[in-house]
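*Asks:* My structure is below; once you've seen it, I'll send some questions.
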Amino acid sequence: MARGQTPTSGRPLLTLGTPQRNHSLRGPCLAARGRPTACLVTLLLLLGACTEGEGGAGPRPGPGPGPTVTPSPVGTVLPVILDEGVHHSYLEGMELAADQVGVSLDVRPPADPLDALRQVLTGGPPAVFVVGSAHAVADARPEIEAAGVPVILLGGDLYTDRALFRLAFQASIPHRWQARVLARYLVVDRGHDSIAVLDDATLGAEALAEEGASPAETLLGADAVLALRPVSHARDGGQLAAVNEAVLNRNLPTGAVVCLPYTWAGWADMIPRVHRFRERFEAAYGHPPVGFEQEGYDAVRAVAEALQRTGGAGGERLVRALEGFRDETYSSVPVRLGPDDHVLAEESQLGVFAVTDQPLTPGEAQGAVPWRPVMRTFTTNGERVNLLDRDRKVFFPSWHRRKPSPNYWKSRFGIVTRSHEDPLH
């Protein structure tokens, strides 16, 4: 797939992707109905040192300071449009970042997201966050382009439908990426030959075809299910592989898998930046991260840093500033963007997490669901891990940069069995 696409109607239509980074998503994809929080996060100027890319001082005091974060221009207000049913974890992560970097979030109560987006565009803000409605961003494209206001989508997917455009950015993991990871796991790693696809037959069939497989004609009798929309209940019999919204489902059977980066804060407490993020989040909200806090946090941090580079200017200057991101790292994997790459997630760092019935290793975080990464899925060749250099020594203490990438089964953390040794995952 080509990484970029020729502009149309005077603006580039970004069909962002290569085998390493494909960026374009489908519609909104929410796993659970949460408590939408309508509030105005007040401006908080930083008077001392805060944490570099991985922490934040939340609504309540957090742990001690780390490297300095440069505050965003004083008085910056960023509207946040919420769709109905948006899970509270997105907004909590956004609030934590806003308090850290000194911007205000003007959170609009859940309503018709398209009408709300059109309304805030008339005020000419530097940027707008839309949480949960890719359709609103796609439908408001003429107004967005006329206003020249960048829009950042969370909890939704424009990439998969090739609906990204120059003023649109996406924080969520595209369904197309997730389908590829899950299909590869089911076909190559687990060896399933009867896989049913739920909710998006075309996308599922394309992902399976890349692995030389075809979807089962019916769900009945299939030994695995590839679910490309949120799952509302556990599957009886057979393996369930679902998009990452299923991470919030407490009723999934042991062995079920979802697609996530290995830095997911629901588990990766052993990674220093994730640990600092978790500490500050728990200090602010009184509970650990449960789902999409990092997506909200990193999106706000990225926009705030871009605004600092532009002196508070939005529009084309803000777009170019974001496109200049090469390795900015906050709570998860680095944000790397470009003119034909408007997705904040990183395809090369994705693998699968499984519901496990085994005890966690000390250092791994335990959430409401015992998720653990299947380390063999975070590899380039089925053996050597594809983790960031800065994180490898966390998993492999004896590794150093002069050595080849280590083999996954030597990891201190996660599920390290071979596929033929593990009947569940």
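The values are calculated or read from the model by the stated rules, or taken from the named source; none is laboratory data. Since the structure is predicted, the reported quantities are computational estimates derived from the model, not experimental observations. Here Cβ is always computed from backbone atoms with ideal geometry, including for glycine, and neighbour counts include all displayed protein chains.
*Asks:* Output the helices (runs of 4 or more DSSP H) that fall wholly within the stretch 126-218 and possess 3 or more residues being surrounded by fewer than 19 Cβ atoms within 10 Å (Cβ to Cβ), or say none.
*Replies:* 141-147, 201-210
*Asks:* Test Asp106 against the criterion of being over 21 Å from the mean Cα position of the chain (by Cα) and either assigned to a strand (DSSP E or B) or polar (S, T, N, Q) (or both), and give yes or no.
*Replies:* yes
*Asks:* Got a sec? Which of Ser398, Ser411 is without any contact (Cβ under 8 Å) to a residue 24 or more places away in the chain, more than 30 Å from Ala147 (Cβ to Cβ) and hydroxyl-bearing (Ser, Thr, Tyr)?
*Replies:* That would be Ser398, the only listed residue that is without any contact (Cβ under 8 Å) to a residue 24 or more places away in the chain, more than 30 Å from Ala147 (Cβ to Cβ) and hydroxyl-bearing (Ser, Thr, Tyr).
*Asks:* Being modelled with pLDDT under 95, among the acidic types (Asp, Glu) and farther than 15 Å from Pro253 by Cβ narrows it down to one of Glu217, Glu211, so name that one.
*Replies:* Just a single option satisfies the conditions, and that option is Glu217.
*Asks:* Could you figure out which of (1) assigned to a helix (DSSP H, G or I); (2) aliphatic (A, V, I, L, M); (3) surrounded by fewer than 22 Cβ atoms within 10 Å (Cβ to Cβ) isn't true of Ala246?
*Replies:* The single condition Ala246 does not satisfy is (3).
Here's the yes/no breakdown for (1) of a type in the set (S, T, N, Q); (2) modelled with pLDDT under 95:
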site: Gln366; (1), (2): yes, yes
site: Val374; (1), (2): no, no
site: Thr377; (1), (2): yes, no
site: Thr380; (1), (2): yes, yes
site: Asp391; (1), (2): no, no
site: Phe396; (1), (2): no, no
site: Arg402; (1), (2): no, yes
site: Lys410; (1), (2): no, no
site: Ile415; (1), (2): no, no
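*Asks:* Let me ask you something else. Applying the selection to the stretch 386-420, what residues are within 19 Å of Thr361 (Cα to Cα) and not in a loop (DSSP other than H, G, I, E, B)?
*Replies:* Residues satisfying the conditions are Asp391, Arg392, Lys393, Val394, Phe395, Asn407, Tyr408, Trp409, Lys410, Ile415.
*Asks:* Determine whether Leu252 is modelled with pLDDT under 95, in contact with a strand residue (DSSP E or B) (Cβ under 6 Å, 6 or more places away or on another chain) and assigned to a loop (DSSP other than H, G, I, E, B).
*Replies:* It is true that Leu252 is modelled with pLDDT under 95, in contact with a strand residue (DSSP E or B) (Cβ under 6 Å, 6 or more places away or on another chain) and assigned to a loop (DSSP other than H, G, I, E, B).
*Asks:* Suppose we filter Val290, Val274 for residues that are in a helix (DSSP H, G or I), in contact (Cβ under 8 Å) with a residue 12 or more places away in the chain and β-branched (Val, Ile, Thr); which single one remains?
*Replies:* Just a single option satisfies the conditions, and that option is Val274.
*Asks:* If you take the residues in the stretch 376-395 that are under 19 Å from the mean Cα position of the chain (by Cα) and touching a residue at least 60 places away in the same chain (Cβ under 8 Å), which one is surrounded by the fewest Cβ atoms within 10 Å (Cβ to Cβ)?
*Replies:* Asp391
*Asks:* Confirm whether Leu158 is of a type outside the set (Lys, Arg) and closer than 20 Å to Val225 by Cα.
*Replies:* It is false that Leu158 is of a type outside the set (Lys, Arg) and closer than 20 Å to Val225 by Cα.
*Asks:* Can you pull out every residue in the stretch 127-148 that is in contact (Cβ under 8 Å) with a residue 60 or more places away in the chain and under 21 Å from Ala313 (Cβ atoms)?
*Replies:* Ala127, Phe129, Glu145, Gly148 - these are the residues of the stretch 127-148 that are in contact (Cβ under 8 Å) with a residue 60 or more places away in the chain and under 21 Å from Ala313 (Cβ atoms).
*Asks:* Tell me which of these Gln119 doesn't satisfy, since it passes every other one: (1) over 30 Å from Gly255 (Cβ atoms); (2) surrounded by fewer than 24 Cβ atoms within 10 Å (Cβ to Cβ); (3) in contact (Cβ under 8 Å) with a residue 24 or more places away in the chain; (4) of a type in the set (S, T, N, Q).
*Replies:* Against the list (1) over 30 Å from Gly255 (Cβ atoms); (2) surrounded by fewer than 24 Cβ atoms within 10 Å (Cβ to Cβ); (3) in contact (Cβ under 8 Å) with a residue 24 or more places away in the chain; (4) of a type in the set (S, T, N, Q), Gln119 comes up short only on (3).
*Asks:* Kindly indicate whether any position in the stretch 163-170 is at pLDDT 95 or above, basic (Lys, Arg) and farther than 28 Å from Tyr297 by Cβ.
*Replies:* no
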